[in-house]
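Working notes for the structure below.
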Amino acid sequence: MTALSLYDKLWNSHVVHTQDDGTSLIYIDRHLVHEVTSPQAFEGLRLAGRVPWRKASILAVPDHNVPTTDRDKEIADPVSRKQLQALDQNCDFFALQKFEMNDPRQGIVHVIGPEQGASLPGMTIVCGDSHTSTHGALAALSFGIGTSEVEHVLATQCLLLRKTKSMRVNVSGALPKGVYSKDIVLALIAKIGTAGGNGHTIEFCGETIEKLSIEARMTICNMSIEAGARAGVIGVDDKTIEYIAGRPFAPKDAMWDAAVKSWRQLVSDEGANFDSTVDLDASQLSPQVSWGTSPEMVVPVDGVVPDPDQEPNATKAEGMRNALTYMGLTPGQAVNQINIDKIFIGSCTNSRIEDLRVAAQVVKGKTLASNIKLAIIVPGSGLVKRQAEQEGLDQIFKAAGFEWRDPGCSMCLGMNADQLESGERCASTSNRNFEGRQGQGGRTHLVSPAMAAAAGIAGHFDDARKYFN
């Protein structure tokens, strides 16, 4: 029998039909919907006189535009208000399940899916958002789609796709204290580049991955898209089963037993073929900090801003110079001497309870540096917020000078009121640092929650490891 990779198994179990040119029709199990990429898709359904093919597969939630403060007031931005109203109207019109903005289950779509058990092993999961790759931590084939594809899935429950190549990323070695999954994935992207995973689905494996919690694995799969991959996946183990057990959308009773038996097969077979393999030694990692305008522009916190003149590739060197100009940095500048204006701890990458616990550990008993203009904590969902409050984490943050917000995408992409002003520098736990990502002219540095918290206390990038010694 042919040895199959996890990706092979997920793909093969969802093929409806394969055409002569290699294009396949793939069945979609779960469709997550939010307010930004869905209005045009729903309008297309109306104009064509269609309805969603399988309504039970759809779970909708507002997240990109929702305010993280003053939710009892009218949303000031007219575009945000209109998109949120459109999601309400479309879900009402087509009778779809949706978590309202003030529902305690509301949150970032890639947080609530796993949290609710709506994202399950073996599923194909799509959403009109590139970071749908997050759900791959549960051995699901999950990926972002465009607005026209959102309409296609709504109408047919299928997508036309070509199978990608496969890449195996083997992470070994014990993570040093103060180094986290965010550092692993940033180091990987720095190693292979943002095009390193182009045309691939990445499977993350190895002893280091096995020791990570499910939430930490989500961080890694979340940012597989920043390495150019179509999706990121991690095989099922005991931690996967334990994470899902008892969640609202998870199977129950006899169906649970049958599901677990099936899910146990969702690992790569011994001898499975991969098109490429990358090895990473986690024991040698330091906390990582992005310095430029691409997720591959990353150095350790105890390093320096690189010099484009030392880069042999002329095109890459030019990109580095442009990034340095935009970021207001100079070659050779010590990373731990870069001052910060704002702190953002949140996003679908790092807004879960474990992330907030780590950040609270760093700031407990301390106060924000005087040069920090704003520091915000944005939980990934209402349930994460409630749990953090039950554990007293909100009080730790508030005592240190951080603002405790309501859940949403927030400053990750600055689509609501949470934005950087031009020239402001932010230590951010989000996933992208492109020009203007957090606000026009804003300068984004990608870091772990521990590093963002440490930057808030020090007023500049500081080695998170020393806060845990």
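The values are calculated or read from the model by the stated rules, or taken from the named source; none is laboratory data. None of these values were measured; they are calculated from a predicted model. Here the Cβ positions follow ideal geometry from the backbone for every residue, glycine too, while neighbour counts run over all protein chains shown. What goes into the accessible areas is simple: the full protein's heavy atoms, side chains included, and nothing from ligands, DNA or RNA. Shrake-Rupley method; radii C 1.70, N 1.55, O 1.52, S 1.80 Å.
Data for the structure
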| item | result |
| --- | --- |
| Nonlocal amide H pairs with Lys98, under 5 Å, H built at 1.01 Å | Ala60 |
| Calculated FRET efficiency for the pair Gln85/Gln390, C-beta based, R₀ 41 Å, to 0.05 | 0.80 |
| Region 279-422 - charge dipole about Cα centre, Lys and Arg +1 at Cβ, Asp and Glu -1, debye rounded to 20 | 580 |
| Largest to smallest principal axis extent of the C-alpha atoms in region 126-234, angstrom | 48, 25, 18 |
| Relative contact order of region 107-163, defined on C-alpha pairs under 8 angstrom at six or more residues apart (%) | 26 |
| Within the chain, percent of DSSP bridges classed antiparallel, to nearest 5 | 25 |
| Met1, Met415, ranked by accessible area, largest first (probe 1.4 Å) | Met1, Met415 |
| The chain - charge dipole about Cα centre, Lys and Arg +1 at Cβ, Asp and Glu -1, debye rounded to 20 | 420 |
| Whole-number D in µm²/s for region 17-132 (Stokes-Einstein; Kirkwood sum over Cα pairs; 37 °C, 0.692 mPa s) | 213 |
| Protection-proxy order for peptides 381-391, 354-364, 261-271, each taking the mean of Cβ atoms within 10 Å per residue, highest first | 354-364, 381-391, 261-271 |
| Segments 66-76, 187-197 sorted - mean Cβ within 10 Å per residue, highest first | 187-197, 66-76 |
| Fully extended contour minus Cα-Cα distance, from Asn339 to Gln361, at 0.36 nm per residue | 5.7 nm |
| Estimated distance in nm for a label pair at Leu25 and Ala56, the labels positioned 7 Å out from Cα along Cα-to-Cβ | 2.2 |
| Cα-projected label distance for Ser13 with Asn102, points at 7 Å along beta-carbon direction, nm | 4.1 |
| Spatial separation of Cα centroids for region 178-248 and region 103-173, in angstrom | 13 |
| Entries in Lys373/Lys398; Lys373/Lys466; Lys177/Lys466; Lys177/Lys364; Lys364/Lys398; Lys252/Lys385 that, when Cα-Cα distance is taken, lie over 19 Å | Lys373/Lys466; Lys252/Lys385 |
| P(r) histogram, all alpha-carbon pairs of the chain included - 10 Å bins from 0, percent | 4, 21, 31, 27, 14, 3, 0 |
| Extension gain from Thr147 to Asp257, taking 0.36 nm per residue of separation minus the Cα-Cα distance | 35.9 nm |
| Total formal charge among the other residues, if their Cβ is under 11 angstrom from that of Cys409, Lys/Arg +1 and Asp/Glu -1 | -4 |
| Per residue solvent-accessible surface (Å²) - region 1-159, probe of 1.4 Å | 38 |
| The chain, accessible surface, carbon-and-sulfur percent (1.4 angstrom probe) | 48 |
| Per residue solvent-accessible surface (Å²) - region 337-404, probe of 1.4 Å | 38 |
| 222 nm mean residue ellipticity, helices alone, for the chain (DSSP H n ≥ 4; -39,500 (n - 2.57); rounded to 500) | -9000 deg cm²/dmol |
| Heavy atoms of Cys412 accessible to a 1.4 Å probe, total area in Å² rounded to 10 | 10 |
